[in-house]
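Undergrad: Before anything else, here's the structure in question.
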Amino acid sequence: MFAAIHTRLEKISQYAVWVGGTALLAAALMVTVDVLCRKIFNITMSGSDEYSGYVFSATTTWAYSFCLLHRSNVRIDALYNLFPRPVTALLDVVGLSLLLYYMSYMTYFAFISFQNSWVSNSISITTLGTPQWIPQLFWVAGLALFFITLCFVVLYSLIALLQRNWDLVAKLAGVPSIIEVMEEETAGIDVVIATADAPASEK
């Protein structure tokens with residue numbers, strides 16, 4: 001059951017990344033057109049900088065879940081790799097738990113900010129007067145998706161830790177190995193990664 005939920009969350013986070021990437025691409029295109037119009041025709045598209053800022057802040061949160069599930073977050077592992085597997089597994093779960101504690105506060109206050117903007121109908125101080133609840137809605141949605149995903153991963157990792165399934169804890173919350181990083185970077189490419197255990201003919 002947990003594996004099926006994990007797979008489903010991976011698909012949802014992947015769709016979220018695609019939507020966010022498309023929005024970023026559209027924002028970049030809008031800024032490019034604005035710069036060209038300013039340079040060539042001496043006219044400007046009002047609000048391109050404002051909207052691109054909204055898109056960037058919102059789509060960033062939409063990528064959090066994908067980064068979590070693919071363990072793409074930055075980790076300092078100078079001493080981590082020197083510890084035995086039970087210790088690294090415990091550190092992984094503790095690290096995720098602390099992140100969950102932090103995100104619970106951040107998500108809560110983000111929702112409060114959105115709610116205040118909705119109730120008071122706050123608008124930006126620019127000439128566009130954009131209602132602030134609109135970009136904040138997408139921002140909070142990304143944080144909410146990340147928080148839900150994080151709760152699941154913490155629970156799944158904790159169960160794996162109690163079962164002494166070190167491999168599963170490492171797969172869910174551990175620092176990716178060099179081989180795993182290389183395999184992900186070369187996915188879909190006809191590349192054979194040589195390892196110390198591989199036969200000479202495969203290297």
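Undergrad: What number of residues within the stretch 157-178 are surrounded by fewer than 20 Cβ atoms within 10 Å (Cβ to Cβ) and either touching a Phe, Trp or Tyr at 6+ places or on another chain (Cβ under 6 Å) or of a type outside the set (Lys, Arg) (or both)?
TA: So the count comes out to 12.
Undergrad: Specify the residue that is nearest to the chain's Cα centre (by Cα); the eligible residues are those in the stretch 120-179 that are among the small types (Gly, Ala, Ser), farther than 21 Å from Leu100 by Cα and not in a helix (DSSP H, G or I).
TA: Checked the stretch 120-179; the qualifying residue nearest to the chain's Cα centre (by Cα) is Ser177.
Undergrad: For the stretch 34-66, how many residues are part of a helix (DSSP H, G or I) and either touching a His at 6+ places or on another chain (Cβ under 8 Å) or exposed (fewer than 12 other Cβ atoms within 10 Å of the Cβ) (or both)?
TA: The total comes to 3.
Undergrad: Could I ask something else about it? With respect to Ala16, determine if the residue is in contact (Cβ under 8 Å) with a residue 60 or more places away in the chain, within 30 Å of Leu161 (Cα to Cα) and surrounded by 14 or more Cβ atoms within 10 Å (Cβ to Cβ).
TA: For Ala16, the condition - in contact (Cβ under 8 Å) with a residue 60 or more places away in the chain, within 30 Å of Leu161 (Cα to Cα) and surrounded by 14 or more Cβ atoms within 10 Å (Cβ to Cβ) - is met.
Undergrad: A further question follows. Can you report the number of residues in the stretch 18-47 which are under 18 Å from Phe138 (Cβ atoms) and aromatic (Phe, Trp, Tyr)?
TA: 1
Undergrad: Note down all Cβ pairs under 8 Å where the first residue falls in the stretch 109-121 and is under 15 Å from Gly142 (Cα atoms) and in contact (Cβ under 8 Å) with a residue 12 or more places away in the chain, the second is of a type in the set (Gly, Ala, Ser) and surrounded by 11 or more Cβ atoms within 10 Å (Cβ to Cβ), and they're at least six residues apart or on different chains.
TA: These pairs meet every condition: Phe111/Ala144.
Undergrad: Are there any pairs, at least 6 apart or on different chains, whose C-beta atoms fall under 7 Å, with the first in the stretch 85-96 and of a type in the set (Asp, Glu) and the second surrounded by fewer than 21 Cβ atoms within 10 Å (Cβ to Cβ), and if so, which?
TA: Cβ pairs passing all conditions: none.
Undergrad: Name the single residue that is modelled with the lowest pLDDT among those in the stretch 67-86 being of a type in the set (A, V, I, L, M) and either more than 30 Å from Ile148 (Cβ to Cβ) or surrounded by 12 or more Cβ atoms within 10 Å (Cβ to Cβ) (or both).
TA: Among those residues, the one meeting the criterion is Ala78.
Undergrad: Yes or no: the stretch 123-132 includes at least one residue that is of a type outside the set (D, E, K, R), surrounded by 13 or more Cβ atoms within 10 Å (Cβ to Cβ) and within 30 Å of Arg8 (Cβ to Cβ).
TA: No, there is no match, as no residue in the stretch 123-132 is of a type outside the set (D, E, K, R), surrounded by 13 or more Cβ atoms within 10 Å (Cβ to Cβ) and within 30 Å of Arg8 (Cβ to Cβ).
Undergrad: Separate question: Within the stretch 67-94, which residues are of a type in the set (Ser, Thr, Tyr) and assigned to a loop (DSSP other than H, G, I, E, B)?
TA: Selection gives Ser72 alone.
The values are calculated or read from the model by the stated rules, or taken from the named source; none is laboratory data. In this text, all values refer to a predicted model and were calculated from it rather than measured experimentally. Virtual Cβ from ideal backbone geometry, glycine too; neighbours counted across all protein chains shown.
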